1. Among THR322, LEU234, ASN218, whose Cα sits farthest toward the positive end of the charge dipole of the chain (+1 at Cβ of Lys/Arg, -1 at Cβ of Asp/Glu, about the Cα centre)?
2. From Cα pairs below 8 angstrom and at least 6 apart in sequence, can you work out the relative contact order of the range 131-397, rounded to a whole percent?
3. Applying the Karplus parametrisation 6.51 cos²θ - 1.76 cosθ + 1.60 with θ = phi - 60° to the phi angles of the range 336-351, what ³J(HN,Hα) value in whole Hz is obtained for each residue in order, glycine and proline being reported as x?
4. To the nearest Å, what is the center-to-center distance of the range 250-306 and the range 75-123, using C-alpha atoms only?
5. Taking springs between alpha-carbon atoms closer than 10 angstrom, which of ASP336, ASP263, ASP117 fluctuates most in the Gaussian network model of the chain?
6. In a Gaussian network model over the chain where Cα atoms closer than 10 Å are linked, find which of VAL261, VAL151, VAL293 has the largest mean-square fluctuation.
7. Compute, for the range 203-310, the length of the dipole vector about the Cα centre, with Cβ point charges of +1 (Lys, Arg) and -1 (Asp, Glu) only. Units Debye, rounded to 20.
8. Once amide H atoms are placed 1.01 Å from N in the peptide plane, what residues at a sequence separation of 5 or more from TRP339, or on another chain, have their amide H within under 5 Å of its amide H?
Amino acid sequence: MTEQNPPPPGSTAGAPVVRGDEPGSFARGVLAERHPALIRQVRDAFPYGRRQQDALDALVTEATEGVVEPLAPGEYDAERWAQWGRGHFGRSWYDAPFLWSESYFYRRLLGAVGYFDAGAWRGIDPFAPFKQAELRGDAVAEELRALDALVDAPADERAAALLGASLWGNRADLGFLVSAGGRAAGAADTALVADDGALLWRLLPAGAGARVAVVADNAGRELIPDLVLIDHLLAHRHAARVVLHVKPYPYYVSDAMTADVVDCLRRLRRAPGEAGRIGDRLWRATAAGGLEVRTHAFFCAPLPYEEMPDDLREEFTGGALTILKGDLNYRRLVGDRLWDATTPFAERTASFPGAVAALRTLKSDVVVGLEPGKLAALEASGAAWRTSGTHALIQVRP
């Protein structure tokens, strides 16, 4: 057999789809360990009846030891998932593309607890206790108090700090704290593997009055800094209107829905000082249409953004910038494949309508757009920088 040379750096040739079939891989760990642990947490958080408990137990066994079973014919979205899952049913969960198997796991979890059924558990978010506990925690209160330190900061320093807070999500305090020199405090700066923050602000000059879309990721402690950033965009006229896109139903443990947005707004309004003022402004902006919350079924689909439906594509086309938050949105944006990490970000996002920015803490293997020298240093460090949540990126394609 003739030995083939590996693709050159930046090449997309032969980039394999991420799957969970490799022992020791991040994807394998999620499917084999994280998902069963999550089901145990969900069971402990609710007094589910025997029907729900048995269904959850069966899902654990199927997902870790069995083969992928289709939805029952009577399920409202059975036909849709039958199409998406063609070729995966009857095979091991580990053999399916990771993006698909993760998404289908959460759909099956919702089915197991009766979220879509006509019974008493219909519409009850199985992840709500985790989100609400986070909002009530001391960490959120401390981060909201830290906003007072930014009141008198110059607008550009405030903007940089709030962008950093939104980027880091549950490490938002690193972005809120501003040192005497006006730079974001902490180790966050050195943990950025790519930083197009300056380009993002050039696309949204103050006073431009543009329309901006923000596609949310997680609720709770991660959604609050997103809302604070949105307030800054509106207050300083970087945007005349912001459309915040959230999930239509619970997804990936803590993903934000409309109810979570409302919970975060209420938490902000209850806070003293600047946080409370931000909450009041956002509440009024939502009522007046300056901030609009929308959702779409596509946000819970196991598909890349290049396959988004025409109506959603049209929404993103008309704005000045779409900001995609989080790891899952990134995987869907660039494609959930093991790309060479130096593959240009612009190349992988060419099909996305209009200018797009990715704000992401790295929690999976997929990454593109890195400088060769930066990649070499990261690889030489020996750290699990791709999956540990200790590194982040801001990437922008105008």
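Readers should treat all values here as calculations from the given coordinates under stated rules, not as data from a laboratory. Computed from a predicted model, the values in this text were never measured in an experiment. Here the Cβ positions follow ideal geometry from the backbone for every residue, glycine too, while neighbour counts run over all protein chains shown.
1. LEU234
2. Details: 499 pairs, mean separation 54.9, N = 267.
It comes to 21 percent, rounded to a whole number.
3. Here the 3J(HN,Hα) series is 7, 10, 8, 5, 4, 5, 8, 4, x, 4, 4, 5, 6, 10, 4, 7 Hz.
4. Spelled out, the Cα-based centre of one part sits 26 Å from the other.
5. Looking only at ASP336, ASP263, ASP117, the biggest GNM fluctuation is shown by ASP117.
6. Greatest mean-square fluctuation among the candidates belongs to VAL151.
7. On the way: 13 positive and 13 negative charges, 128 e Å.
It works out to roughly 620 debye.
8. VAL367
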